[in-house]
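What follows is one structure encoded as structure tokens, with my remarks underneath.
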Amino acid sequence: MDSAEADRLQKQMSATDWLVDIVIFAGAFGFALLQLTLSVNLIVPDDFTRRLLGIRIVTPTAMAILATLASCLPLIVRRRFPCASFALCYGLWLIFEWGLSTSMLSLIAVLVSLFTLALTSGRNYTLIASIIAIAGVLAEPLIGVSSTLTSLLMLQNSALIAAVAFAGYSLHTSAKLAASAQAQADEEMKLRQSEALRANEALRAREAEASRRLEEERVRIAREVHDITGHSLSAVNVQASVAERLIDANPSAAKEALSNIRSVSAGALDELRQVVGMLRENDGADTQPLFGLGDMSQLVDYLESAGMDCELHEQISSDVHVSAYVGTALFGIAREAATNVVRHSGASKVCIRVVVKVDYAEVSVSDDGCGIPDRADEGHGIEGMRERARALGGTFNISEGHEGGLSVCARIPLSQKVAS
């Protein structure tokens, strides 16, 4: 038996295990006595025939009982010491069988110990023990009295030894395969759990990075808006005070002050629009021209110049005012979506829809291309579009169409509505 198996049995042998082994010993001993008493009487009931066959002992004597007890006693430690248990059971059985010349001592103790040895040990141990046991059974007629019944018992015992050894080793192999499969399954489960943990950590890291970048962008924009509004409102306040003092005494000077107010406020609005238009730009980058929902035709020209058929559908309520920053954000999302279409989709047709209703403004870009590109996660285009929409309290969705292609849709709520 392997040392690892011996250590396992030694650690796992409890009081219940010992009790079970004692019960098995008692059962084997009782069965051996019953076989010793009844087997020959049932098979050969005539005393003359028994003597003719060379059977000298029919009823169990004290010596036969002690021999049976001695051969069964090592079964108590069969699981703790399987090799020693088999050697003792087999050796005592062989000594008493040959010494008493009965040919009728039960082989049950040898079979039980051999089964335990085959179940707990490897193939080599099982094969050696089986060969030794069968050799002793086959050599019995050479030592004792040879008879027809002895030959039949010899063949029977040899077959039983081979069958028990095969059964024990088969169960041993099955148990090893089951343990190996369970270990492999546990290893695969640990691997999947580790991969899932790494994926979750990577996802949390990406989300944390996106949140950090978005927060930094918001802080930067808030700082710039503060500087713009603080400077502009201070200038407006000064000019308004001048206009108030000079409105009666010097109307021309008051008019000039009001003109300055209009100029300063217009410049401030332009600067604010540029700040909103740079949501995805790096610090220190040059300001870009301000684009809005009215400039979607530029995207149509861009897509058509790339060899695509492009349609623009606009559904805009005339009595709804769209703030400049909302229009700039939606145009930026549409521009990024159009860029992705040209770079990745392989589409031939593109449709841009602009919807402006009382409570929201929406832009969508749909194509008939290959869908979401495999390398979409490598850049920040999709995440940038999503951040643009969410920064203004809106929603962003990207999905594949029923017949292929990709659809990008952004919707931003309108907080200011002015009726005509």
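Since every read-out is calculated from the coordinates, none of them should be taken as a lab result. Every value quoted in this text rests on a predicted model; they were computed, and no experiment measured them. Please note: Cβ atoms are built from the backbone with ideal geometry, for glycine as well, and neighbour counts cover all protein chains shown.
Overview of results
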| read-out | value |
| --- | --- |
| Protection-proxy order for peptides 324-330, 392-398, each taking the mean of Cβ atoms within 10 Å per residue, highest first | 324-330, 392-398 |
| Estimated FRET transfer efficiency (V23, N200; beta-carbon r; R0 41 Å; 0.05) | 0.20 |
| Sequence ranges 131-138, 151-158, 407-414, ranked by mean other-Cβ count within 10 angstrom, highest first | 407-414, 131-138, 151-158 |
| Charge sum, other residues only, whose C-beta stays under 11 Å from D21's C-beta, Lys/Arg counted +1 and Asp/Glu -1 | +2 |
